[in-house]
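Data first, discussion second: the structure below is written as structure tokens.
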Amino acid sequence: MRKAMLIGLALVVATSTGCRLFKEKHVYQDARELPPVKVPEGLDQPNPSAALAVPPVRGKGTLIQEVKAPGMAFQVRQSESGKILIEDQNDLPVLTYFGPASAVREALHGMELPDGWQLASESGDCDAVLRFADPKARAAKELGFFKRVFTRKGRVMDRSGEYRLRCQSAPGKTTLTMLDANDKAPPALLVDAILGGLYQQLLQREKTASAGQS
């Protein structure tokens, strides 16, 4: 009976004191305020009034600049002869062919356009407008409501639109720049699809010409 009373008394004490009996003591609990630093004789006391002063903003305009994530780069290529290459010029994809513009136009007609692409119009030496109907975006629109909202297949960026091939020709050299509707670089996948296809066509033409000469 006495043992049970002792156990009960211990439980009451533990309950009333909470976890204080087992509370860990931290170092900061022994912290104390220290006197200010004394400046040695012969030295001046620093003035702390401007220690946290915020300098005034100079100039006008927004203080926050827009930061964009870098996009995926398109494939840079160059043939062994160096006569066909795809490179970045001023953040734009450019195909350079050391040959006539007529060969570039023939390459455009000879290549099999990827799914969703069609040749809309042509002009000049080898200028062209290509129209793209994004098949992934089209497939996403055909999904049900819940799949469009809650699945990855439904969250697709629609890249449909018109893309321009701007041709510049000179004796012995033709350059073809691919642009979107805002005269900027299209997405890398689209650049690789079109300029990459033209590159392969011109490369095949070069190999055929070399085989004929041999």
Largest first and rounded to whole Å, the semi-axes √(5λ) derived from the alpha carbon gyration tensor of segment 77-213 read 32, 15, 13
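Within segment 77-213, how many lysine pairs that are 8 or more places apart, or on different chains, have C-alpha atoms less than 19 Å apart? Show your work: numbers first, answer last.
Working: 83/173; 83/207; 136/147; 136/153; 141/153; 173/207.
Lysine pairs meeting both conditions in segment 77-213 amount to 6.
Please give me, ordered by residue number, the GluC sites (Glu not before Pro) of segment 74-136 that lie in loop per DSSP and have at most 13 other Cβ atoms within 10 Å. Provide the component values of the computation, followed by the final result.
Numbers: sites: 80, 87, 106, 112, 122; in loops: 80, 112.
Of the GluC sites (Glu not before Pro), the ones in loops of segment 74-136 whose Cβ has at most 13 other Cβ atoms within 10 Å are 80, 112.
Can you give the charge dipole size of segment 77-213 about its Cα centre, rounded to the nearest 20 debye, using +1 on the beta carbon of Lys and Arg and -1 on the beta carbon of Asp and Glu?
Numbers: 19 positive and 18 negative charges, 132 e Å.
The calculated dipole for segment 77-213 is roughly 640 debye.
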Fewest to most Cβ atoms within 10 Å: 156, 191, 76 sort as 76, 156, 191
Full-extension gain in nm, residue 158 to residue 170, via 0.36 nm per residue minus C-alpha separation
0.7 nm
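Values in this text are rule-based calculations from the coordinates and carry no lab data. Because the structure is predicted, anything quoted here is derived from the model rather than measured. All Cβ positions, even for glycine, are placed from backbone atoms using ideal geometry, and neighbour counts span all protein chains on display.
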